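What follows is a set of notes on a single structure, which appears directly below.
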Amino acid sequence: MAERRTAYINAHLIDPASGLDAAGALLVEGTKIADVGPGLFAEGVPEGIETVDCAGAHLVPGLIDMRVQACDPGFEHKETIATASAAAVAGGITSIVTLPNTEPVIDDVAGLEFIARRARETKLAKVYAYGAVTAGLEGKELAEIGLLKEAGAVGFTDGTRAIADAGVMARALKYAKAFGALIIQHPEEPRLAGGVMNSGELSTRLGLPGIATQAEIIMVERDLRLAEMTGGRIHISHISTWAAVEAIRAAKARGIAVTCDTAPPYFALVEADIGDYRTFLKLSPPLRSDFDRRAVVEGLADGTIDAIASDHNPQDQDSKRLPFVQAEFGAVGLETLLPVALELVHGEHLDLKTLIRRLSTTPAELLGIPGGKLKPGAPADLLVFDPFSPWKVDAATFRSKSKNSPFDGRPVAGRALRTIIDGRLVYSAS
Amino acid sequence: MEFQPSSFTHRHLLGIEGLSPWDIEKVLDLADNYVGLSRSRHKKTDVLRGLTVINLFFENSTRTLTSFELAGKRLGADVINMAVANSSIKKGETLIDTAMTLNAMHPDALVVRHSDSGAVKLLAQKVNCAVVNGGDGSHEHPTQALLDALTIRRRKGRLEGLTVTICGDVLHSRVARSNILLLNTMGARVRVVAPPTLMPAAIDRMGVEVYTNMREGLKDADIVMMLRLQTERMQGQYVPSIREYFHFFGLTEEKLAAAKPDCLIMHPGPMNRGVEIDSVIADDINRSVILDQVELGVAVRMAVLDLLTRDRRGDNDDLGGKL
């Protein structure tokens, strides 16, 4: 029996990998992209092909979110693979990569297999997983990086904890090289990170212990030296400071194998948004000054910052309805990633093609996972969206189990209309 | 004359931040009236008769709790003290649950002290009555700043134009923050003196002059406010030793010589004699106003409870209508 064929016509195609940015059509055959281009179906769609009229909406590779906490196993009251996947596809995300800071920690093959099974049962977003760099995320002994890689781990990180010991980090970078494994670091010197918000006038006024920007820059600079020393590949997560952007820019110019990402809060929010102790804005790293925020935007524009991830970190009410010092760090982000990232386009800091590169093409390349491009033979992981349709974020409607969004109530523009994974429609805006 | 709003319109007293100079004057004027009552043989009025005040203290305190209790009782309110044990892990849960529970009992005012900055504001969002911040973490302690202001005003006749030096553990001090806000609002000149490890980040942005040398900070000061070294809030070492701290930052006769001859010495208590202040100075009846502060604390808290419950008493008289 012939594979099912679907034609997406009247679309604005954007494919950062090939440079395509034009009106046209795309043909899906089974689970793969069969053909794409401006001239496709110019003469009409032949008989026997199902047709989806995109009515001028944008058709891009589905977003690939390289930093998600699905809290599963262990913290299923906050999120599960199933709810995170549902939230992802509603946000136009076709692949997510989960952090290993679950209970138990994903530091062995059995843990990876558990996540893969949950993902298969859910059958929504594609779920990839990072393995732990160190056993139990304790920062002391290396986890079985080779075995984990063989079993499908797409990278290695100790999640929300920095690998603080320089000796351990150097060994991890060196050892991972043999397997072509990427080490992903949460950039924060723990001995300088005892606070709960950015250090400065605001933390002083609120009487809250601060975290200096130096906590980030010291760890970034150390790791750049270690990457240079070992020749290992390092990726630094959620960059939030001007100095870190500068250091990475200089390191890239020196030819060091470093990449990095940031998350929407760090280019869309500042420390002042914490206002009267709003715990939904208690993040790690903390929200910074507007000076730092603008440097992050510039880093995204010039490519110093390679990717944008949601940094999805679900927290239940009991973890957030607390005095600021006691509240947990983190914010959900799957369902606001696209519209908040689009603010960069509407603000004319990035063009749409560059934005999709940061949200899809680059993460796929960095982690070596399929997707991220509109190319015949590639998986039909697609997003149809309208970058302009205005709406207001309402966390109560989120599919994510937790509603701790720092963007709740924010007027935004742009949302997913259809999300397609392996040719299958998994989300359609009502 | 400038614009003067006729009544104190705040629902809660969560901090000095947000108070206008007229708000502050109003509290101080009313407190002045209550000083006389506290000194008379019959110390009670019935202004708050039938009203319930709950003192909800999540953090240990004797003087502030006693002061609020006396204030409520002298105004004729029913006062209940609740000391909530600070189990470290479920602190926050206790906070909101306790707030809802107490709210269901229809108190008219809640006085709350908590070890976390912002906790009192969080609680205030959950209740229908007036909330007075009795000190939250390192954030604010507004009634302390108000009683300090009243002490200064009664001794010096004014606040405007005075040079006030705040010395000691500024980093952990809610008293310092509230005083800086109040004194700046009232036109005083504020200096802070502390070892750099006990100085909050960017404190100069709060409108103070910053000193690490105590003699320079005390030069020509009209008032010196000493702060307690809050070792219970410290994680790690901030000063090498008490001996060294006292040597450089303890208030002694010799350092005080740099200030004006009639410089007043204040301390919010409890004092650590020999740590931040020399015993002889603390007891100098000509210059130390530490006991005045305690006395005026009751009057200030009476004024605050009076003003914050006027709406529900249906009394909007300007100054102590029922006094």
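I'd like the full set of residues that are part of a loop (DSSP other than H, G, I, E, B) and farther than 26 Å from B:HIS114 by Cβ, limited to segment B:30-71.
B:SER40, B:ARG41, B:HIS42, B:LYS43, B:LYS44, B:THR45, B:ASP46, B:VAL47, B:ARG49, B:GLY50
Is there a residue being part of a helix (DSSP H, G or I) and within 14 Å of chain B (Cβ to nearest Cβ) anywhere in segment A:179-190?
Scanning segment A:179-190, I find at least one residue that is part of a helix (DSSP H, G or I) and within 14 Å of chain B (Cβ to nearest Cβ), so the answer is yes.
So is A:PRO104 closer than 25 Å to A:ALA378 by Cβ and surrounded by fewer than 24 Cβ atoms within 10 Å (Cβ to Cβ) or not?
Here the answer is no, as A:PRO104 does not meet what is asked.
Of all helices (runs of 4 or more DSSP H) completely enclosed by segment B:202-314, which ones contain at least 2 residues that are out of contact with any strand residue (DSSP E or B) (no Cβ under 8 Å at 6 or more places or on another chain), hydrophobic (A, V, I, L, M, F, W, C) and within 30 Å of B:VAL27 (Cβ to Cβ)?
Once the helices (runs of 4 or more DSSP H) in segment B:202-314 are filtered for at least 2 residues that are out of contact with any strand residue (DSSP E or B) (no Cβ under 8 Å at 6 or more places or on another chain), hydrophobic (A, V, I, L, M, F, W, C) and within 30 Å of B:VAL27 (Cβ to Cβ), what remains is B:290-308.
Residues of segment B:133-170 being assigned to a loop (DSSP other than H, G, I, E, B) and out of contact with any helix residue (DSSP H, G or I) (no Cβ under 7 Å at 6 or more places or on another chain), which ones?
B:GLY157, B:ARG158, B:GLU160, B:GLY161 - these are the residues of segment B:133-170 that are assigned to a loop (DSSP other than H, G, I, E, B) and out of contact with any helix residue (DSSP H, G or I) (no Cβ under 7 Å at 6 or more places or on another chain).
Which ones in segment A:318-351 are in a helix (DSSP H, G or I) and touching a helix residue (DSSP H, G or I) at 6+ places or on another chain (Cβ under 8 Å)?
Passing the criteria: A:ASP318, A:LYS320, A:LEU337, A:LEU338, A:VAL340, A:ALA341, A:LEU342, A:GLU343, A:LEU344, A:VAL345.
Of these, A:GLY371, A:GLY377, which one is modelled with pLDDT of 95 or more and in contact with a helix residue (DSSP H, G or I) (Cβ under 6 Å, 6 or more places away or on another chain)?
On inspection, the qualifying residue turns out to be A:GLY371.
If B:THR165 passes every condition in (1) more than 14 Å from chain A (Cβ to nearest Cβ); (2) closer than 22 Å to B:LEU19 by Cβ; (3) buried (at least 24 other Cβ atoms within 10 Å of the Cβ) but one, which one does it miss?
(2)
So the check is Cβ under 8 Å with 6+ separation or different chains; which pairs have a first residue in segment B:117-146 that's farther than 10 Å from B:LEU13 by Cα and within 9 Å of another protein chain (Cβ to nearest Cβ) and a second one that's surrounded by fewer than 24 Cβ atoms within 10 Å (Cβ to Cβ) and of a type in the set (Asp, Glu)?
Within 8 Å, the pairs are B:GLY118/A:ASP276; B:GLU140/B:GLU17.
Considering only segment A:289-335, state which residues are acidic (Asp, Glu) and either more than 27 Å from B:GLN125 (Cβ to Cβ) or within 14 Å of chain B (Cβ to nearest Cβ) (or both).
A:ASP290, A:ASP292, A:GLU298, A:ASP302, A:ASP306, A:ASP311, A:ASP316, A:ASP318, A:GLU328
Within segment A:214-253, which residues are surrounded by 23 or more Cβ atoms within 10 Å (Cβ to Cβ), within 22 Å of the chain's Cα centre (by Cα) and under 30 Å from B:ILE180 (Cβ atoms)?
Within segment A:214-253, A:GLU216, A:SER240, A:THR241 meet the criteria.
Which one of these is over 19 Å from A:ASP276 (Cα atoms) and either crowded, with 23+ Cβ neighbours inside 10 Å or over 15 Å from the mean Cα position of the chain (by Cα) (or both): B:VAL127, B:VAL210?
B:VAL210
Do we have A:ASP273 as away from chain B (no Cβ under 14 Å), among the acidic types (Asp, Glu) and free of Cβ contacts under 8 Å to residues at least 24 places away in the same chain here?
no
When segment A:197-223 is examined, which residues are found to be more than 9 Å from chain B (Cβ to nearest Cβ) and among the aliphatic types (A, V, I, L, M)?
Of everything in segment A:197-223, those that are more than 9 Å from chain B (Cβ to nearest Cβ) and among the aliphatic types (A, V, I, L, M) turn out to be A:MET197, A:ILE211, A:ALA215, A:ILE217, A:ILE218, A:MET219, A:VAL220.
State the number of residues belonging to segment A:242-281 that are within 30 Å of B:LYS121 (Cα to Cα) and of a type in the set (S, T, N, Q).
Qualifying residue count, segment A:242-281: 1.
In this structure, is A:LEU208 under 30 Å from B:ILE16 (Cα atoms), buried (at least 24 other Cβ atoms within 10 Å of the Cβ) and not β-branched (Val, Ile, Thr)?
Judged against the criteria, A:LEU208 is a match.
The values are calculated or read from the model by the stated rules, or taken from the named source; none is laboratory data. Here the structure is a predicted model, which is why all the values come from computation and not from measurement. All Cβ positions, even for glycine, are placed from backbone atoms using ideal geometry, and neighbour counts span all protein chains on display.
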